[in-house]
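The values are calculated or read from the model by the stated rules, or taken from the named source; none is laboratory data. Nothing here was measured: the structure is a model prediction, and the numbers come from that model. FYI the Cβ positions are ideal-geometry reconstructions off the backbone, even for glycines, and counts take in every protein chain you see. Heavy atoms of the whole protein, side chains included, go into the accessibility calculation; ligands, DNA and RNA do not. Shrake-Rupley method; radii C 1.70, N 1.55, O 1.52, S 1.80 Å.
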Amino acid sequence: NAGVTQTPKFRILKIGQSMTLQCAQDMNHNYMYWYRQDPGMGLKLIYYSVGAGITDKGEVPNGYNVSRSTTEDFPLRLELAAPSQTSVYFCASSPGSDTQYFGPGTRLTVL
Amino acid sequence: TQLLEQSPQFLSIQEGENLTVYCNSSSVFSSLQWYRQEPGEGPVLLVTVVTGGEVKKLKRLTFQFGDARKDSSLHITAAQPGDTGLYLCAGPKYNFNKFYFGSGTKLNVKP
């Protein structure tokens, strides 16, 4: 049982480049989330999904896009990367509106 | 502005001491969660409190949810170096799927 997996672990982007952060879970959870965590801070919700085909904005969605074509996968797309998007990105899944299981994170630097 | 304010921001204590960290809001939450995060890893859920006035114990950790469901506290008795980490509170707001995190309390327990 792998839980929540995220790839890549680290990435450096140049300003204006695009990339997709991958997130997968094997627990058959309907709820999935994307957060960003800036140094010394808590987590801020970027987007979330309550099931395949359903996504909604969180607290800080600008500059990001998501899709949820399957229960297992919830990729996060960055278009036109900016230095302000330098952060650690965490994906999480949940069977309901309660316990969230987090992945190990992707550390992204935009130069 | 943060929906959930945590204090103190940093705490450095000796092994064996007791400590309390606080999570406060001006808003009512249906539930609050406490997570612990170690460097380079995702947060791990410690407890969820759902009833005003509720007290939950997890070995040396005691969690309390305020009567008005606007605040919570985490008390650690006889802290150990293994308790070192970032403690985060979080709760759902506006709908049960949007989670807001506090900025965290960074705890360092010295041997």
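What the table below lists for this structure:
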{"item": "Centre separation in Å (Cα based) which lies between the range B:52-111 and the range A:25-74", "result": "23"}
{"item": "Accessible surface ranking that places the most exposed of B:75, A:29 first, with a 1.4 angstrom probe", "result": "B:75, A:29"}
{"item": "Solvent-accessible area lost in complex, 10 Å² minimum, residues of the range A:67-106 relative to chain alone, 1.4 Å", "result": "A:90, A:97, A:98, A:99, A:100, A:102, A:104"}
{"item": "Exposed trypsin sites (Lys or Arg not before Pro) absent - longest run of chain B, DSSP non-H/G/I/E/B, at most 15 other C-beta within 10 Å", "result": "B:1-58"}
{"item": "Residues whose placed amide H lies under 5 Å from that of residue B:69, excluding near-sequence neighbours", "result": "B:53"}
{"item": "Where trypsin sites (Lys or Arg not before Pro) fall in DSSP loop in the range A:1-66, at most 11 other Cβ within 10 Å", "result": "A:9, A:14"}
{"item": "Test item: B:35-46 mean partner chain Cβ contacts at 10 Å", "result": "5"}
